[in-house]
Amino acid sequence: MIEKYFSYPTTLRRLRAGLCGTHVDGFAGTLEKQGYAHATAIRYLRAAAHLGSFLQRKGCTLEDVDGRLLEAFGRHFSRCRRSRYNGRKTGYHARFGVKLFYRYLVQQGVCQSFQTDDITNDLPTLVIAFRDWLHTHRGATQPTLRLYTRGATELLHALGEDVSRWDAKGVRAFLLDRASQCGTETTQKLITAVRAFLRYLIFRGEARDDLDLAVPAIAHWRLATLPRSLSAQELNRLIAACDGTSSALYP
(Lines give C-alpha, C1' and ligand atoms only; values in the text may rest on other atoms or scores of the structure.)
Protein backbone atom coordinates (compact mmCIF):
# COMPACT_ATOMS: atom_id res chain seq x y z
CA MET A 1 0.00 0.00 0.00
CA ILE A 2 2.79 2.47 0.77
CA GLU A 3 3.92 2.13 -2.86
CA LYS A 4 1.12 4.58 -3.58
CA TYR A 5 3.10 7.23 -1.69
CA PHE A 6 6.77 6.17 -1.99
CA SER A 7 8.69 4.83 -4.96
CA TYR A 8 12.34 4.50 -3.88
CA PRO A 9 13.13 0.88 -2.87
CA THR A 10 15.38 2.04 -0.02
CA THR A 11 12.57 4.15 1.43
CA LEU A 12 10.10 1.27 1.16
CA ARG A 13 12.51 -1.11 2.88
CA ARG A 14 13.26 1.38 5.64
CA LEU A 15 9.60 2.04 6.40
CA ARG A 16 8.75 -1.66 6.52
CA ALA A 17 11.85 -2.66 8.49
CA GLY A 18 11.29 -0.28 11.40
CA LEU A 19 9.31 -0.81 14.58
CA CYS A 20 6.14 0.34 12.81
CA GLY A 21 6.86 -1.69 9.68
CA THR A 22 4.13 -4.28 10.15
CA HIS A 23 1.49 -1.58 10.52
CA VAL A 24 2.57 1.08 8.03
CA ASP A 25 0.71 -0.40 5.04
CA GLY A 26 -2.53 -0.68 6.97
CA PHE A 27 -2.13 2.89 8.24
CA ALA A 28 -1.58 4.06 4.66
CA GLY A 29 -4.79 2.33 3.60
CA THR A 30 -6.70 4.05 6.40
CA LEU A 31 -5.36 7.47 5.39
CA GLU A 32 -6.43 6.89 1.79
CA LYS A 33 -9.88 5.70 2.87
CA GLN A 34 -10.36 8.82 5.01
CA GLY A 35 -9.51 11.08 2.06
CA TYR A 36 -6.20 12.60 3.14
CA ALA A 37 -4.28 14.44 0.44
CA HIS A 38 -1.31 12.61 -1.08
CA ALA A 39 1.31 14.98 0.34
CA THR A 40 -0.35 14.97 3.76
CA ALA A 41 -0.45 11.17 3.90
CA ILE A 42 3.27 11.07 3.10
CA ARG A 43 3.99 13.34 6.07
CA TYR A 44 1.83 11.23 8.37
CA LEU A 45 3.54 8.01 7.28
CA ARG A 46 6.96 9.55 7.85
CA ALA A 47 5.77 10.68 11.28
CA ALA A 48 4.72 7.12 12.14
CA ALA A 49 8.17 5.85 11.15
CA HIS A 50 9.77 8.64 13.19
CA LEU A 51 7.76 7.56 16.22
CA GLY A 52 9.04 4.01 15.75
CA SER A 53 12.66 5.22 15.72
CA PHE A 54 12.03 7.29 18.84
CA LEU A 55 10.53 4.31 20.69
CA GLN A 56 13.43 2.07 19.72
CA ARG A 57 15.94 4.57 21.12
CA LYS A 58 13.91 4.64 24.33
CA GLY A 59 13.89 0.85 24.51
CA CYS A 60 10.08 0.78 24.16
CA THR A 61 7.64 -1.03 21.91
CA LEU A 62 4.41 0.03 20.26
CA GLU A 63 2.49 -1.69 23.06
CA ASP A 64 4.06 0.80 25.50
CA VAL A 65 2.67 3.88 23.76
CA ASP A 66 0.59 6.00 26.11
CA GLY A 67 0.02 9.66 26.88
CA ARG A 68 3.39 10.01 28.59
CA LEU A 69 5.32 8.65 25.62
CA LEU A 70 3.34 10.75 23.13
CA GLU A 71 4.12 13.88 25.15
CA ALA A 72 7.79 12.87 25.27
CA PHE A 73 7.79 12.40 21.51
CA GLY A 74 6.29 15.88 21.07
CA ARG A 75 9.09 17.40 23.15
CA HIS A 76 11.67 15.38 21.23
CA PHE A 77 10.26 16.41 17.86
CA SER A 78 10.36 20.13 18.70
CA ARG A 79 14.15 19.75 19.12
CA CYS A 80 14.74 17.23 16.34
CA ARG A 81 16.17 18.47 13.07
CA ARG A 82 13.49 16.55 11.16
CA SER A 83 10.95 19.05 12.49
CA ARG A 84 12.58 21.71 10.33
CA TYR A 85 12.25 19.64 7.16
CA ASN A 86 10.01 21.29 4.58
CA GLY A 87 9.25 24.24 6.87
CA ARG A 88 7.17 24.53 10.02
CA LYS A 89 4.19 22.67 8.57
CA THR A 90 6.07 19.41 9.02
CA GLY A 91 6.01 19.78 12.81
CA TYR A 92 2.24 20.27 12.77
CA HIS A 93 1.75 17.29 10.47
CA ALA A 94 4.12 15.08 12.44
CA ARG A 95 2.40 15.63 15.77
CA PHE A 96 -1.07 15.21 14.30
CA GLY A 97 0.07 12.25 12.18
CA VAL A 98 1.42 10.47 15.25
CA LYS A 99 -1.93 10.95 17.00
CA LEU A 100 -3.71 9.42 14.01
CA PHE A 101 -1.24 6.53 13.97
CA TYR A 102 -1.80 5.93 17.68
CA ARG A 103 -5.58 5.83 17.12
CA TYR A 104 -5.02 3.35 14.30
CA LEU A 105 -2.92 1.13 16.60
CA VAL A 106 -5.65 1.27 19.27
CA GLN A 107 -8.23 0.17 16.70
CA GLN A 108 -5.96 -2.73 15.73
CA GLY A 109 -5.63 -3.79 19.36
CA VAL A 110 -1.90 -3.02 19.50
CA CYS A 111 -2.09 -0.22 22.09
CA GLN A 112 -4.29 0.45 25.07
CA SER A 113 -6.60 3.45 24.80
CA PHE A 114 -6.18 6.18 27.37
CA GLN A 115 -8.29 9.20 28.14
CA THR A 116 -6.80 12.63 27.60
CA ASP A 117 -8.31 16.03 28.14
CA ASP A 118 -7.36 18.30 25.28
CA ILE A 119 -9.07 21.26 26.97
CA THR A 120 -6.33 22.93 28.97
CA ASN A 121 -6.35 25.80 31.38
CA ASP A 122 -4.11 27.92 29.17
CA LEU A 123 -6.77 28.47 26.49
CA PRO A 124 -7.42 32.08 25.43
CA THR A 125 -10.04 33.77 27.59
CA LEU A 126 -12.42 34.16 24.66
CA VAL A 127 -12.20 30.45 23.83
CA ILE A 128 -12.83 29.51 27.47
CA ALA A 129 -15.97 31.68 27.41
CA PHE A 130 -17.03 29.98 24.15
CA ARG A 131 -16.45 26.54 25.68
CA ASP A 132 -18.43 27.38 28.81
CA TRP A 133 -21.28 28.80 26.70
CA LEU A 134 -21.45 25.63 24.63
CA HIS A 135 -21.54 23.49 27.76
CA THR A 136 -24.12 25.59 29.60
CA HIS A 137 -26.50 26.63 26.81
CA ARG A 138 -26.03 23.85 24.26
CA GLY A 139 -25.26 20.91 26.52
CA ALA A 140 -22.20 20.00 24.43
CA THR A 141 -20.37 16.81 25.38
CA GLN A 142 -16.66 16.68 26.16
CA PRO A 143 -15.65 15.39 22.68
CA THR A 144 -17.63 18.23 21.08
CA LEU A 145 -16.07 20.77 23.44
CA ARG A 146 -12.59 19.54 22.56
CA LEU A 147 -13.35 19.73 18.84
CA TYR A 148 -14.86 23.20 18.94
CA THR A 149 -12.31 24.75 21.28
CA ARG A 150 -9.45 23.35 19.21
CA GLY A 151 -10.87 24.91 16.03
CA ALA A 152 -11.60 28.23 17.78
CA THR A 153 -8.08 28.36 19.20
CA GLU A 154 -6.50 27.70 15.80
CA LEU A 155 -8.58 30.47 14.23
CA LEU A 156 -7.72 32.89 17.02
CA HIS A 157 -4.01 32.19 16.72
CA ALA A 158 -4.12 32.57 12.94
CA LEU A 159 -6.12 35.83 12.73
CA GLY A 160 -5.19 37.53 16.00
CA GLU A 161 -7.06 38.22 19.23
CA ASP A 162 -8.77 41.41 18.00
CA VAL A 163 -11.79 39.68 16.48
CA SER A 164 -13.36 43.02 15.50
CA ARG A 165 -10.72 43.26 12.75
CA TRP A 166 -11.41 39.85 11.26
CA ASP A 167 -12.81 39.85 7.73
CA ALA A 168 -14.14 37.32 5.25
CA LYS A 169 -10.87 37.13 3.34
CA GLY A 170 -8.91 36.14 6.44
CA VAL A 171 -11.41 33.50 7.52
CA ARG A 172 -11.55 31.92 4.06
CA ALA A 173 -7.77 31.96 3.69
CA PHE A 174 -7.38 30.20 7.05
CA LEU A 175 -9.87 27.45 6.20
CA LEU A 176 -8.61 26.89 2.67
CA ASP A 177 -5.04 26.62 3.98
CA ARG A 178 -6.11 24.02 6.54
CA ALA A 179 -8.13 22.17 3.90
CA SER A 180 -4.99 21.80 1.79
CA GLN A 181 -3.25 20.09 4.71
CA CYS A 182 -6.02 17.87 6.10
CA GLY A 183 -8.35 15.14 4.94
CA THR A 184 -12.00 15.74 4.10
CA GLU A 185 -13.31 14.51 7.44
CA THR A 186 -10.92 16.70 9.46
CA THR A 187 -11.70 19.72 7.28
CA GLN A 188 -15.44 19.28 7.78
CA LYS A 189 -15.00 19.13 11.56
CA LEU A 190 -12.88 22.29 11.52
CA ILE A 191 -15.46 24.11 9.37
CA THR A 192 -18.21 23.15 11.83
CA ALA A 193 -16.16 24.39 14.80
CA VAL A 194 -15.19 27.67 13.11
CA ARG A 195 -18.74 28.40 12.00
CA ALA A 196 -20.02 27.83 15.55
CA PHE A 197 -17.31 30.07 17.00
CA LEU A 198 -18.04 32.88 14.54
CA ARG A 199 -21.77 32.71 15.30
CA TYR A 200 -20.95 32.92 19.01
CA LEU A 201 -18.83 36.03 18.38
CA ILE A 202 -21.64 37.58 16.33
CA PHE A 203 -24.10 36.78 19.13
CA ARG A 204 -21.83 38.63 21.56
CA GLY A 205 -21.57 41.57 19.17
CA GLU A 206 -17.80 41.24 18.83
CA ALA A 207 -17.62 40.28 15.16
CA ARG A 208 -19.24 41.43 11.92
CA ASP A 209 -22.82 40.23 11.51
CA ASP A 210 -22.13 38.38 8.26
CA LEU A 211 -18.73 36.87 9.09
CA ASP A 212 -20.06 33.32 9.41
CA LEU A 213 -21.10 33.52 5.74
CA ALA A 214 -17.40 33.62 4.85
CA VAL A 215 -17.01 29.97 5.82
CA PRO A 216 -16.62 28.08 2.51
CA ALA A 217 -18.34 24.85 1.64
CA ILE A 218 -15.98 21.95 0.98
CA ALA A 219 -17.08 19.20 -1.40
CA HIS A 220 -17.50 15.98 0.57
CA TRP A 221 -20.16 14.04 -1.28
CA ARG A 222 -19.40 10.63 -2.74
CA LEU A 223 -17.11 10.72 -5.82
CA ALA A 224 -16.32 14.41 -5.17
CA THR A 225 -12.65 13.69 -5.84
CA LEU A 226 -13.11 12.31 -9.35
CA PRO A 227 -10.82 14.07 -11.86
CA ARG A 228 -12.37 16.84 -13.96
CA SER A 229 -10.83 15.47 -17.16
CA LEU A 230 -8.84 12.59 -18.58
CA SER A 231 -5.07 12.64 -18.19
CA ALA A 232 -2.87 12.66 -21.31
CA GLN A 233 -2.04 8.97 -20.76
CA GLU A 234 -5.71 8.02 -20.41
CA LEU A 235 -6.59 10.02 -23.52
CA ASN A 236 -3.89 8.21 -25.53
CA ARG A 237 -5.24 4.83 -24.41
CA LEU A 238 -8.76 5.87 -25.43
CA ILE A 239 -7.61 6.93 -28.89
CA ALA A 240 -5.55 3.78 -29.33
CA ALA A 241 -8.61 1.66 -28.54
CA CYS A 242 -10.52 3.09 -31.52
CA ASP A 243 -10.54 1.36 -34.91
CA GLY A 244 -8.83 3.78 -37.25
CA THR A 245 -8.92 1.50 -40.32
CA SER A 246 -12.47 2.43 -41.29
CA SER A 247 -13.64 5.79 -42.65
CA ALA A 248 -17.24 5.16 -41.62
CA LEU A 249 -18.58 7.23 -38.75
CA TYR A 250 -21.14 4.61 -37.80
CA PRO A 251 -21.30 0.82 -38.34
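Can you tell me which of 73, 96 is surrounded by 16 or more Cβ atoms within 10 Å (Cβ to Cβ), over 20 Å from residue 189 (Cβ atoms) and modelled with pLDDT under 90?
Unique residue meeting the criteria: 73.
Filter region 46-70 down to the residues that are among the basic types (Lys, Arg) and touching a residue at least 12 places away in the same chain (Cβ under 8 Å), then identify the one that is least open to solvent (accessible area, probe 1.4 Å).
It comes out as 46.
Could you figure out which of (1) surrounded by 18 or more Cβ atoms within 10 Å (Cβ to Cβ); (2) touching a residue at least 60 places away in the same chain (Cβ under 8 Å) isn't true of residue 156?
Of (1) surrounded by 18 or more Cβ atoms within 10 Å (Cβ to Cβ); (2) touching a residue at least 60 places away in the same chain (Cβ under 8 Å), only one is false for residue 156: (2).
Checking residue 147 against (1) over 18 Å from the mean Cα position of the chain (by Cα); (2) buried (at least 16 other Cβ atoms within 10 Å of the Cβ), which test does it fail?
That leaves (1) as the condition not met.
So in region 17-29, with the set limited to residues that are at pLDDT below 90 and assigned to a helix (DSSP H, G or I), which one is surrounded by the fewest Cβ atoms within 10 Å (Cβ to Cβ)?
17
What's the total number of residues in region 5-16 that are aromatic (Phe, Trp, Tyr) and either loosely packed, with under 14 Cβ neighbours inside 10 Å or within 22 Å of residue 61 (Cα to Cα) (or both)? Can you show your working first?
Applying the first criterion (aromatic (Phe, Trp, Tyr)) to region 5-16 yields 5-6, 8.
Among the residues that remain, those that are also either loosely packed, with under 14 Cβ neighbours inside 10 Å or within 22 Å of residue 61 (Cα to Cα) (or both) are: 8.
Residues in region 5-16 being aromatic (Phe, Trp, Tyr) and either loosely packed, with under 14 Cβ neighbours inside 10 Å or within 22 Å of residue 61 (Cα to Cα) (or both): 1 in total.
The values are calculated or read from the model by the stated rules, or taken from the named source; none is laboratory data. Predicted model only: the values in this text are computed from it and were never measured. We place every Cβ from the backbone using ideal geometry, glycine too, and count neighbours over all the protein chains shown. What goes into the accessible areas is simple: the full protein's heavy atoms, side chains included, and nothing from ligands, DNA or RNA. Shrake-Rupley method; radii C 1.70, N 1.55, O 1.52, S 1.80 Å.
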